[in-house]
C-alpha cells in the first residue's frame, strides 16, 4: 500500500467527468426505489434491487471505479511517471484497488443498503449489503486486473457483467458457480433467506477471496512488465 | 558515476525489427542519441529505462539488468516523451508526488530545491494544464531529478519547445553532465545534438550507425559524397573546370543544370566561387539535391 499512489488515484477518480456518472448511479437507484415505495409499496420496490441494483448498478460502478483509477494512465502511457520509481508494483496495484474498492462500496454497496432500508425489512437489507460488499470487493479486483491488461477494459468488463453474469447466468443456473454476483448473494443468504442460495457457502467465500487476491496480484504483475511502446 | 550498457540488444514487435543488435555504453557526461524519426530511438530509450524487455541481448545499469528491476529507478531519472496527464495537479504537487514516491527523507525541501534548479519556483503553484510546453518539459525534468539520480534519460526533450526555453534546457542538461551525471537525450535534429552533446550515438533503421565525439560525427556527415545542382552562365566551361578539381567525382549536364557529385564538401564549397570567377563564369544557382538528414543517415548506414 502506497499512500502517494492512493492519493493520486483518488485525485484521478474525483478529477474526471466520469465521477459524475459514478455519482448518478446511486442517486438514480435510491430515487427509483423511493419512488416505487411511495407509489406502490416496499415489497414491489425491493424487486428493483435484486433485478437492477445488485446485478447491474453495483458492477457498473465497480467498472467505472476500477477503470478510472488505472485505465487512462495505462492507455496514454502516463503511468510511466508513477512506475519510473522504486515502488513495489504490487503496492501500486493494491493502492489503486483500495481506491476503486472504496468508490465501489460508497457509490455501489452503500446505496443498495440505503435503498433496501427504504423498502422495509432491515435484515434483508443487511443481507443484501453484505452480499454487495463481498461482490464489490471481488468485482473491483477483477476489473482492475482487466484494466491492467487491455485498452478495451470497459468493454471486456461490461461483457463479463452483461453477457456472462446477467444473460447467460439467467439461462443456465450452473453459471452461478462462476459468477461473482451469485457468490455475494450466497454469502448474504446466511443472514436472510430472502436472498437465493445458488451455490455452496464455503465455495462462495473461497472463490470471492481467490478472485480478489489473484486479481490484485495479477494487476501488480502486469505493472511490473509494463511496456512503453513508442508512437513511432 | 553510472554506466548504462546495451549488449547486442535487439527488440522486435511481431516481425518488425525496431532495434537490431545494438551494443553501446553510455557513461558520465551528456550523450546525444541521434536518428531520424522511426529509427528506434524511443524503443531504445524504453529498453534503457526498463519499460521494454529486450527480445535478445542485455541492457544493464552498472552490471544489473533494468527490466523488471524496480530498484534501478533509485539511480535513473526518466523524462518520457509522453505528455503529463496529471493536469489537475499543480507543478509543485506533481514534483512533490515524485519525491514522495521515492520516499525522500525531506520531500518538501527536495521539491523546492529542484524547482529552483529548473527555474520553476514562481509558476509551481499553477495547475499543469495551464503550462506552456517548455514549462511542462521543465517540470518533467524536475520530477525526474528530484531524487538526485546518477542517470538522466530524456526522450526528445526539445520537441515543441520554443528556442529561448530550449537554450535554458540545454544549459541545464550541460550543467548536469558537468556534475558527472550520465545524461542521455534523444533527438532527430543534428544541430540540437551537436550543440549539447560531447558524445553522439547515431541510430538509423534500428541499427547503431555511428558513434563518437561531435567532431568525428560531423566529419562523417560532411565528408560524404554530396550531389549539387548548379546553374551558371556557361555550364560547359564550368563542367570542365570542376572536373579538374580534386573534390569533384562526377559532372553531368542535365538541361539547364549541371549535376556535380562532390567527395569532399569542405574544399569544394571554399574553392567553387574562386574557380568560377577565374574562368569568367557567373553562378546563378547552387543547391544541394540530397541534403536532407535522412540521406545523411542513409549514407552512414551504407558506409
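All of the numbers you see were taken from the coordinates with simple rules; none came from a lab. Everything numeric in this text was worked out from a predicted model, so none of it was measured. All Cβ positions, glycine included, derive from the backbone under ideal geometry; neighbour counts span all protein chains shown.
Computed over the Cα atoms of the protein assembly as shown, the ratio of the radius of gyration to the Kirkwood radius (Rg/Rh) comes to 1.16. Dividing the summed -39500 (n - 2.57) terms of all DSSP H runs of n ≥ 4 by the residue count of chain A sets its mean residue ellipticity at 222 nm at -21500 deg cm²/dmol. Label-to-label distance for residue A:152 and residue B:245 is 6.2 nm, based on points extended 7 Å past Cα in the beta-carbon direction. Convex hull volume of the Cα atoms of the stretch A:20-125, normalised per residue: 91 Å³.
Here is how the number arises for chain B: DSSP H runs of 4 or more residues each give -39500 (n - 2.57), the sum is divided by the residue count, and the result at 222 nm is -11000 deg cm²/dmol.
Cα axis of helix A:89-104 to longest principal axis of chain A: angle in degrees, 0 to 90, nearest 10? Helix A:89-104 sits roughly 30 degrees off the main axis of chain A. Oblate is the label for the stretch B:38-96, because a/c, from the alpha-carbon gyration tensor with a ≥ b ≥ c as root eigenvalues, is 1.5 or above and a/b does not exceed b/c.
The C-alpha atoms of chain A define a longest principal axis, and helix A:58-76 lies at about 10 degrees to it. Inter-chain Cβ neighbour count for A:219-226, averaged per residue, equals 2 (cutoff 10 Å, partner chain atoms only).
Per residue, the average separation of C-alpha pairs within less than 8 Å and at least 6 apart gives chain A a relative contact order of 25 percent. When you restrict to C-alpha pairs under 8 Å that are six or more residues apart and normalise by the size of the stretch B:1-130, the relative contact order lands at 21 percent. For residue A:121 and residue A:75, the difference between the fully extended length at 0.36 nm per residue and the C-alpha to C-alpha distance is 12.1 nm. With the convex hull of the Cα atoms taken as the outline of the stretch B:94-170, the averaged projected area works out to 5.1 nm². Computed with the Debye formula from one identical point scatterer per Cα of the stretch B:144-183, without solvent, the log10 of I(q)/I(0) at q = 0.15, 0.26, 0.28, 0.34 Å⁻¹ comes to -0.36, -0.95, -1.03, -1.17. For the stretch B:51-202, what's the relative contact order in percent, using C-alpha pairs closer than 8 Å and at least 6 residues apart? Relative contact order here is 25 percent. The convex hull of the Cα atoms of chain A, projected and averaged over all directions, covers 12.9 nm². Once the gyration tensor of the Cα atoms in chain B is diagonalised, the equivalent ellipsoid follows with semi-axes of 45, 23, 15 Å, ordered largest first. Between the helical axis of B:235-244 and the longest alpha-carbon principal axis of chain B there is an angle of about 70 degrees. Each residue, residue A:35 and residue B:1, gets one label point 7 Å from its Cα in the Cβ direction; the gap between the two is 7.5 nm. Spin-label model, residue B:82/residue A:3: points 7 Å from Cα along the beta carbon direction are separated by 2.6 nm.
Going from the fewest other Cβ atoms within 10 Å to the most, the residues B:207, B:277 appear in the order B:277, B:207.
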